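Report on the following structure.
Every read-out reported here was derived from the displayed coordinates using simple, explicitly stated rules and does not represent laboratory data. Everything quoted here is computed from the prediction, not taken from an experiment. Please note: Cβ atoms are built from the backbone with ideal geometry, for glycine as well, and neighbour counts cover all protein chains shown.
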Amino acid sequence: MKRILTAALLVMMMLSVCLSAQAATATQTGTGVTVIKAADWAATYPEVYASYEKNAENEAVIDHVEEYPMIATVYEGMAFNKYYNSARGHYYTVQDVTNTGRPHALANCFTCKTPDFTAKVNNEGVSAYTIKFEDMLAEVNESVSCYNCHANTGNELVVTHTYLADAMGADFEKLNAETASCAQCHVEYYFAPETKAVTLPYDSMAAMHPDAILEYFEEMQFADYTNPRTGVKQIKVQHPEFETYMGTGSVHASQFSCADCHMEKATTADGKTYASHYWVSPLASESIQASCAGCHPDLKGFVAGIQTKAEERTVAIGTKLETLTNKLADAVAAGTYTEDELNAIRSLNRKGQFYWDFVFVENSEGAHNSRLTNECLDKAEKLIDEALGLIK
Ligand code: HEC
Ligand code: HEC
Ligand code: HEC
Ligand code: HEC
């Protein structure tokens, strides 16, 4: 009985979501737009604006290098190995990118931090990506804001980061607008070697799978950096929340948008409902948890169970990756291996690190799609073990 009820409920929910879902649309480019600032919308949308301002409370920073000591070795050769702090609120993006402690020569670092840069790219095209960081900083007024997700409409959802539309191809129109809104930034990307333009490593929904992304990088022989001791050409994965949540194995992908779990429906004192723009974990919102309670009476405990397992495996496999890095560095230094032998180990190391990173830098710690998370960890572990087996 309970199972039948759950199934019926699922179907009903999916239907209602399908009926109300709005398809994604992208902005026009080359239009000479001036960004309307968040504060300018305060009078029109006072509740939304107040909830948006609340993001200032999300100010805690966790130093990942202290929390995960293996990354000092795994990310050696790129500045992330010394400065890698946890994500905090949208409110601090400009401040955080300016103070990373990592070098940033170009304005392309502002891509997911401020609408002022998004508008600059839309007005001027890809040449904006190579403006000097400091020159762009002088033009920046605010962190992630209304323009990023609504263009200058104030309430319609518009994709202003057009590389997302490019990467989705014909699938773009099938994308739910609320999910597309977050996918503008919560994605894996790379800077195209020639233009330095932000580019997503796929051209359709199906090609978003980590296997396909790795193949894409293999084909173009892309590397973000080379590990100085091992010579491994490494790929630095970045926050693939969209790819993970929408990926094969996801339980809720066809049912809930990112906003359903991260933006609560709030109510004013006089009964008006609005979408809260205070972006938080669903575990920090009583009303979101209440909407899940029919199927997840203890969402916190359920999520903690998934995350604990994913975290344990991530740390264990990351530690193996650290061992591999050190052993391979010794093998290179010893001079007793042929270049072909070393390259075989390097290739396994590169791929193993990619799958591990795909999980490590995803911000839900397994909760968005535990099946895909485990699949990546299985692949990482197999590749790393194989590489270790080749070291005499
Ligand atoms: C990171 C993306 C993002 C940013 C930034 C953003 N919004 Fe939204 N906004 C959304 C999404 C997604 C929805 C739809 C949420 C839903 O229906 O659950 C939405 C809905 C709305 C609505 C629809 C009415 C409602 O309350 O349901 C208004 C109005 C609105 N936003 C105004 C603003 C204003 C004003 C700002 C700047 C202060 C802003 N938004 C910044 C993503 C964003
Ligand atoms: C314009 C880029 C951009 C868009 C669009 C965007 N985000 Fe973010 N988001 C970021 C960045 C950058 C961070 C990390 C902030 C930092 O520490 O610098 C972040 C962090 C977060 C966090 C972590 C906050 C914390 O306190 O730990 C959540 C939750 C989040 N985003 C949810 C969303 C959701 C939901 C959407 C879509 C409605 C969305 N984001 C759209 C750029 C964006
Ligand atoms: C079915 C609900 C659900 C959906 C839909 C969902 N998430 Fe999440 N998300 C979670 C849970 C659960 C966590 C883990 C929260 C925690 O650890 O407190 C999480 C964590 C996150 C975090 C880290 C938040 C933090 O506080 O550190 C970000 C960022 C995020 N999600 C972005 C997204 C984006 C972008 C999408 C859409 C592509 C999305 N989420 C869709 C449930 C969801
Ligand atoms: C109609 C029932 C139903 C509702 C409502 C529902 N869920 Fe789920 N959820 C499920 C089922 C079934 C699973 C799969 C459980 C499993 O794998 O053991 C699941 C899995 C999950 C997972 C783990 C995903 C994974 O890949 O392991 C998260 C996180 C989650 N739900 C969050 C939420 C949140 C947040 C809400 C409310 C916004 C919600 N769910 C509402 C039925 C539901």
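Annotations
- For the listed residue pairs 132/196; 54/132; 300/382; 174/379; 320/392, the alpha carbons are over 20 angstrom apart in 54/132; 300/382; 174/379.
- Using Cβ point charges alone (K and R +1, D and E -1), the dipole size of region 108-265 about the Cα centre works out to roughly 340 debye.
- When the Cα atoms of region 131-234 are aligned to their principal axes, the ranges along those axes come out at 50, 38, 20 Å in descending order.
- Segment residue 293..residue 275, full-extension length gain: 4.5 nm, with 0.36 nm per residue of separation and the alpha-carbon distance subtracted.
- Cross-link partners of residue 309 among aspartates and glutamates, defined as those whose alpha carbon lies under 14 angstrom from its own and excluding same-chain residues fewer than eight positions apart: 365, 375, 378.
- Straight-distance crosslink candidates among aspartates and glutamates, where the alpha carbon sits under 20 Å from residue 327 and sequence neighbours closer than 8 are dropped: 76, 339, 340, 341, 357, 381, 385, 386
- Size descriptors for region 277-359 (Cα atoms only): Rg and Dmax, in that order, 20.9, 62 Å.
- Where labels lie 7 Å past Cα in the beta-carbon direction, separation of residue 334 and residue 347 in nm: 2.1 nm
- Note on region 24-389: with charges restricted to the Cβ of Lys and Arg (+1) and Asp and Glu (-1), its dipole about the Cα centre is near 200 debye.
- Dipole orientation for region 24-389: of the candidates 74, 119, 244, 74 has the Cα lying most toward the positive pole (charges on Cβ; Lys, Arg +1; Asp, Glu -1).
- For the chain, the longest principal axis of the Cα atoms and the long axis of helix 370-389 meet at an angle of about 10 degrees.
- GNM result for the chain, Cα springs below 10 Å: residue of 169, 249, 294 fluctuating most strongly: 294
- Were the residues from residue 229 through residue 28 laid out at 0.36 nm apart, the gain over their Cα-Cα distance would be 67.7 nm.
- Principal-axis tilt of helix 115-124 within the chain, Cα atoms, nearest 10 degrees: 80 degrees
- Extension gain from residue 21 to residue 215, taking 0.36 nm per residue of separation minus the Cα-Cα distance: 66.6 nm
- Legend: translational diffusion of the chain by Stokes-Einstein, Rh = Kirkwood radius over C-alpha pairs, 10 °C, 1.306 mPa s; D = 71 µm²/s.
- With the helix formula -39500 (n - 2.57) applied to DSSP H stretches of n ≥ 4, the chain reaches a computed 222 nm mean residue ellipticity of -13500 deg cm²/dmol.
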